[in-house]
Amino acid sequence: MEGRDLESVSSCCLNETEGNSLPSRLDAAGFVAINTIHCKAHYTERFECLFCSRAKMIDKMPGFLGMNVLKSQSEGEPYLVVSYWETESHFQAWVGSPEFHEGHKRAFEDLRKAKEAGEEPPMTSDFRTYSVLTR
């Protein structure tokens, strides 16, 4: 990833971990989900605000260990949302849960409005999942 240094979104309350000691909890991670999110230039501030004011529904899910939201230091590059889970089944339970839909409802609404207006979506995402091989 030469030339694509990533940093946590520094102006965001996501950096306030509220007892979520990510490094020590990651020792239990067996599964990682990474969502690569491309935002239109006009939507980046809204995207960051959605995360800064997130519902925190994921935080209460069994098997959830922590999350990082990464912002590239190069303008126009995608965001990475990296979540750490004990197992894939814990992650799948999150994705299929009412809490998932509640936690994403504002972004889903933004996408719906764009579609109704005949506009391109303000963001797109590409989702990948990984098993932890080593620490």
Notebook entry, point to check: So which pairs qualify, if the first residue must be in the range 55-68 and closer than 10 Å to Gly103 by Cβ, the second must be assigned to a strand (DSSP E or B) and of a type in the set (A, V, I, L, M, F, W, C), the Cβ gap must be under 7 Å, and the two must be at least 6 apart or on different chains?
Noted result: Ile58/Phe64; Ile58/Met67
Next item on the list: Please work out which residue is farthest from Ser53 (Cα to Cα), limiting yourself to the range 75-114 and to residues that are polar (S, T, N, Q) and assigned to a helix (DSSP H, G or I).
Entry: Ser89
Item checked: Residues that are touching a Pro at 6+ places or on another chain (Cβ under 9 Å) and farther than 17 Å from Phe91 by Cα, drawn from the range 125-134 -> Ser125
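Residues checked against (1) among the hydroxyl-bearing types (Ser, Thr, Tyr); (2) touching a Cys at 6+ places or on another chain (Cβ under 7 Å); (3) under 23 Å from Thr124 (Cβ atoms):
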{"residue": "Ile34", "(1), (2), (3)": "no, no, yes"}
{"residue": "Cys39", "(1), (2), (3)": "no, no, yes"}
{"residue": "Tyr43", "(1), (2), (3)": "yes, no, yes"}
{"residue": "Phe47", "(1), (2), (3)": "no, yes, yes"}
{"residue": "Ser53", "(1), (2), (3)": "yes, no, yes"}
{"residue": "Phe91", "(1), (2), (3)": "no, no, yes"}
Next item on the list: Identify all residues within the range 58-74 that are part of a strand (DSSP E or B) and out of contact with any Pro (no Cβ under 8 Å at 6 or more places or on another chain); write none if there are none.
Entry: Phe64, Leu65, Gly66, Met67, Asn68, Val69, Leu70, Lys71
Notebook entry, point to check: Quick one: in the range 117-135, which of the residues that are hydrophobic (A, V, I, L, M, F, W, C) and outside any loop (DSSP other than H, G, I, E, B) is nearest to Gly76 (Cα to Cα)?
Noted result: Met123
Check: Hey, any hits in the range 76-87 for a residue that's at pLDDT below 95 and surrounded by fewer than 16 Cβ atoms within 10 Å (Cβ to Cβ)?
Finding: yes
Check: Of the conditions (1) outside any helix (DSSP H, G or I); (2) at pLDDT 95 or above, Ala55 fails just one. Which one is it?
Finding: (2)
Check: Is one or more of the residues making up the range 28-48 modelled with pLDDT under 90 and surrounded by 11 or more Cβ atoms within 10 Å (Cβ to Cβ)?
Finding: yes
Check: Restricting attention to the range 28-62, which residues are touching a Lys or Arg at 6+ places or on another chain (Cβ under 7 Å) and more than 13 Å from Arg106 (Cα to Cα)?
Finding: Ile34
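The values are calculated or read from the model by the stated rules, or taken from the named source; none is laboratory data. Only a predicted model underlies this, so the values are computations on that prediction, with no experimental measurement involved. Reconstructed Cβ throughout: ideal geometry from the backbone, glycine too, with neighbour counts over all protein chains shown.
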